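The values are calculated or read from the model by the stated rules, or taken from the named source; none is laboratory data. Quick caveat: nothing in here was measured; it's all calculated off a predicted structure. Positions of Cβ are backbone-derived with ideal geometry, glycine not excepted, and every protein chain shown enters the neighbour counts. We work out accessible area using only protein heavy atoms, side chains counted, and drop any ligands, DNA or RNA first. Shrake-Rupley method; radii C 1.70, N 1.55, O 1.52, S 1.80 Å.
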Amino acid sequence: MQPDARQRLWMYRTMVKSRCYEDAIKPAYLEGKQPLFNMAKGPIPGEMHLSSGQEPCAVGVCAHLRADDAVTATHRPHHVAIAKGVNLDAMTAEIFGKRHGLSGGRGGHMHLFDPEVNFCCSGIIAQGMGPAVGAALAARLRGRDGVAVSFIGEGAANQGAFHESLNLAALWQVPAVFVIEDNAWGISVAKNASTAVQRNAERAAAYGMPGVFVPGNDADAIFAAAGEAIARARRGGGPTLIEIETDRLEGHFMGDGEQYRPSGELERLRARDPIPAYRERLVAAGHDAGALDRAEDEARAEVERAFAFARKDDYPEAADALTAVFA
């Protein structure tokens, strides 16, 4: 299964939008935090985890999903949220802690919830896997052909929730797809220093489900693997585990000194940035360069509008802290 011209253009535009979004967050996040970095200061307090470099993972999978399909993501969620169709104005307002954010400014960037497109994420490692299994089970019990996709990092494959979720998903044969975004680093710990197997896709065999490894951070290859897994889930074939080789072009969080990276690694990763590489592929395949330029301009303008909306939005009233709280 290969994407058609329309799908390729959507994937490119969405990857560009995701990257523009992260590039816009960087200066906004650093406001008020310099010269002495203080995570609590500025218009966006707290930690910030950027997904630059991992855009192919999101678009290759989400190109096959509908609004009623459920997606859970990690603490590095923006590329997946954008690809799933989360409202960009409300998402940005949420990150700024503003009144018209997805959760009224309560959750911040690691806790984005958009019921309109069935998206959520969490700062807890592997937290979204159990809810994804539940969402997949609910779709099957209701007689619907919906699927649930859980994105995790490679470090989450060593969590108990990973094995519990895969076991139940396989036991119940629910329509779930588990996607490991392997960027080779669990915070500052290299994968080969924390994980006993070279490929986490091999772990799928222990639960009787297909395990697929997709090398090269390749959007088209991810599209093909995800398309097969999602179609299989929709027709009642059960879960699949997909491991994607990807790159993290930024630190674990903004402010990360990244001293743990080997010399020259970051330069090598940036030299194989997936977005310009994908543009070159599309042009070589006959896509109009002008259409790609327009897609870039549209994506950039959409991001600029979202940040303008968030900055102009009001902060919540103090009394709002007492609403949406369960006692």
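Note on the chain: with a GNM built from Cα contacts shorter than 10 Å, the maximum mean-square fluctuation among Leu282, Leu36, Leu266 falls on Leu36. Summarised as an ellipsoid, the stretch 14-66 has semi-axes of 29, 10, 8 Å, derived from the eigenvalues of the Cα gyration tensor scaled by 5 and square-rooted, with the largest first. Pairwise Cα separations in the stretch 204-258 fall into 10 Å bins from 0 onward with the following percentages, short to long: 22, 37, 24, 14, 2. Here the chain exposes an accessible surface that is 54 percent carbon and sulfur, computed with a 1.4 Å probe and the other protein chains kept in place. Calculated mean residue ellipticity, 222 nm, the chain: -13000 deg cm²/dmol, from DSSP H runs (n ≥ 4) at -39500 (n - 2.57) each, averaged per residue and rounded to 500.
By the rule of a C-alpha distance below 26 Å, with chain neighbours fewer than 8 residues away ignored, the lysines paired with Lys312 are Lys17, Lys26, Lys33, Lys41, Lys84, Lys98.
Taking the alpha carbon gyration tensor of the stretch 128-207, multiplying each eigenvalue by 5 and rooting it gives semi-axes of 26, 12, 9 Å, largest first. Would you please state the base-10 log of I(q)/I(0) at q = 0.15 1/Å for the stretch 186-294, with intensities from the Debye formula using one equal scatterer on every alpha carbon? These q points yield log10 I(q)/I(0) values of -0.90. Eigen-decomposition of the gyration tensor built on the alpha-carbon atoms of the stretch 10-157 gives equivalent ellipsoid semi-axes of 27, 16, 14 angstrom, largest listed first. Take every DSSP beta bridge whose two residues both sit in the chain; close to 15 percent of them are antiparallel.
In the context of the full set of protein chains, residues of the chain present 44 Å² of accessible surface per residue (probe radius 1.4 Å, heavy atoms only). Taking springs between alpha-carbon atoms closer than 10 angstrom, which of Tyr21, Tyr278, Tyr260 fluctuates most in the Gaussian network model of the chain? Checking each option, the largest mean-square fluctuation is seen for Tyr260.
Could you work out which residue, out of Pro262, Pro175, Pro210, moves most in a Gaussian network model of the chain, that is, has the largest mean-square fluctuation with Cα springs under 10 Å? Looking only at Pro262, Pro175, Pro210, the biggest GNM fluctuation is shown by Pro262. Modelled this way, with points 7 Å down the Cα-to-C-beta line, the labels at Arg66 and Phe253 are 3.9 nm from one another.
With the simple model of a label 7 Å out from the Cα in the direction of the Cβ, Ala190 to Gln159 spans 2.5 nm.
Subtracting the Cα-Cα distance of Arg99 and Arg281 from 0.36 nm times their residue separation leaves 61.3 nm of extension gain. Within the stretch 122-148, whose backbone N sits under 15 Å from a point 7 Å along Cα→Cβ of Ala206? Those under the cut-off are none; the list is empty.
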